[in-house]
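Asker: My questions all concern the structure below.
Readers should treat all values here as calculations from the given coordinates under stated rules, not as data from a laboratory. All values reported here derive from a predicted model rather than from experimental measurement. Positions of Cβ are generated from backbone atoms using ideal geometry, with glycine treated the same way; all protein chains shown enter the neighbour counts.
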Amino acid sequence: MSTVSVAVPHHRRIVAVDIEGSTTRTNPAKARLRQVMYDLFEGALEASGIVKDHMDPLVDRGDGVMALIRPVDEAPMTLLLDTLLPTLSRLLAEHNERAPLQKLRLRAVVHAGEVHYDRQGQFGEALDITFRLLDAPEVKDILREAKAPLVLVVSGDIYRSVIRHGYEGIDCAAFEQLFTVTVSGQQHLGWTRVLP
């Protein structure tokens, strides 16, 4: 009987986005929205100074995309929160104004943790937490009711270690503790805010 060896985990900052209501769209519409989502996400990464050397190749999620950012000084967590996501929100609003027939709204999540890799891709509890937060009904409800095109959810770890400290450009009062998700029998808080 052979045993499966679990590779050594690697710490990553995790940012993922997901298109609102993609299952209600036709396949050609999904293809257009996916292209726009990738263009905007890659544009926001570039505008924030997060280059390919700072991260793994983007991970396609069908109606979403994920960036796994290495823990490098050039891409601190504060940069993700005060530059990357506000830039993405601005680019998204500009796109929606220019192309109202291809209007796009996104949910975004930020977490960090240990990520495992095998031949098929990435896995691990940190990713489980990330996607439970991103797909939580509460986050979908907030976006549905929001006028803005982007809602952000962050894990309790990110709120506690970064946001609550009120670093410049990060408005901790704008985040609301909204819900918990359960992964491996543990409760994980989700903090949300609508980005203007």
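Asker: Where nothing but the Cβ of Lys and Arg (+1) and of Asp and Glu (-1) is charged, how large is the charge dipole of the chain around its Cα centre, in debye to the nearest 20?
Answerer: Taking the Cα centre of the chain as origin, the dipole is about 540 debye.
Asker: Dipole size in debye (nearest 20) for segment 138-189 around its Cα centre, Lys and Arg Cβ +1, Asp and Glu Cβ -1?
Answerer: That gives segment 138-189 a dipole magnitude of about 80 debye.
Asker: Pick from Leu88, Leu33, Leu178: which residue has the top mean-square fluctuation in a GNM of the chain where Cα pairs under 10 Å get a spring?
Answerer: Leu178
Asker: Here's a follow-up. Calculate the length of the line joining the C-alpha centroid of segment 65-84 to that of segment 126-170, in whole Å.
Answerer: Value for the Cα centre distance between the two parts: 15 Å.
Asker: While we're on this one: Under a straight-distance cross-link criterion of Cα-Cα below 29 Å, which lysines are reachable from Lys52, leaving out those fewer than 8 residues away in the same chain?
Answerer: Of all the lysines, those that pass the test against Lys52 - Cα under 29 Å, at least 8 places apart if same chain - are Lys30, Lys103.
Asker: What's the magnitude of the charge dipole for segment 1-100 around its Cα centre, counting Lys and Arg as +1 and Asp and Glu as -1 at the beta-carbon? Answer in Debye, nearest 20.
Answerer: Working: 11 positive and 14 negative charges, 67 e Å.
The calculation lands at about 320 debye.
Asker: Summing Lys, Arg as +1 and Asp, Glu as -1, what charge do residues with Cβ under 14 Å from the Cβ of Pro86 carry, Pro86 excluded?
Answerer: -2
Asker: How large are Rg and Dmax for the chain when calculated on the C-alpha trace, in angstrom?
Answerer: 16.5, 59
Asker: Is the shape of segment 1-86 best called rounded, prolate or oblate, per the rule: a/c under 1.5 gives rounded, else a/b larger than b/c gives prolate, else oblate, with a ≥ b ≥ c the square roots of the Cα gyration tensor eigenvalues?
Answerer: oblate
Asker: Sort 162-174, 14-26, 146-158 by packing, meaning the average of other beta carbons within 10 Å per residue, with the highest value first.
Answerer: Values: 162-174: 13.3, 14-26: 17.8, 146-158: 20.8.
Ranking, from highest mean packing down: 146-158, 14-26, 162-174.
Asker: Among Leu84, Phe131, Leu104, whose Cα lies farthest out toward the positive end of the dipole of segment 10-195, if unit charges sit on the beta carbon of Lys, Arg (+1) and Asp, Glu (-1)?
Answerer: Checking the options against the dipole of segment 10-195, the answer is Leu104.
Asker: Just to confirm a number: summing +1 for Lys and Arg and -1 for Asp and Glu over residues other than Arg132 whose beta-carbon lies under 15 angstrom from that of Arg132, what do you get?
Answerer: Overall, the nearby charge balance is -3.
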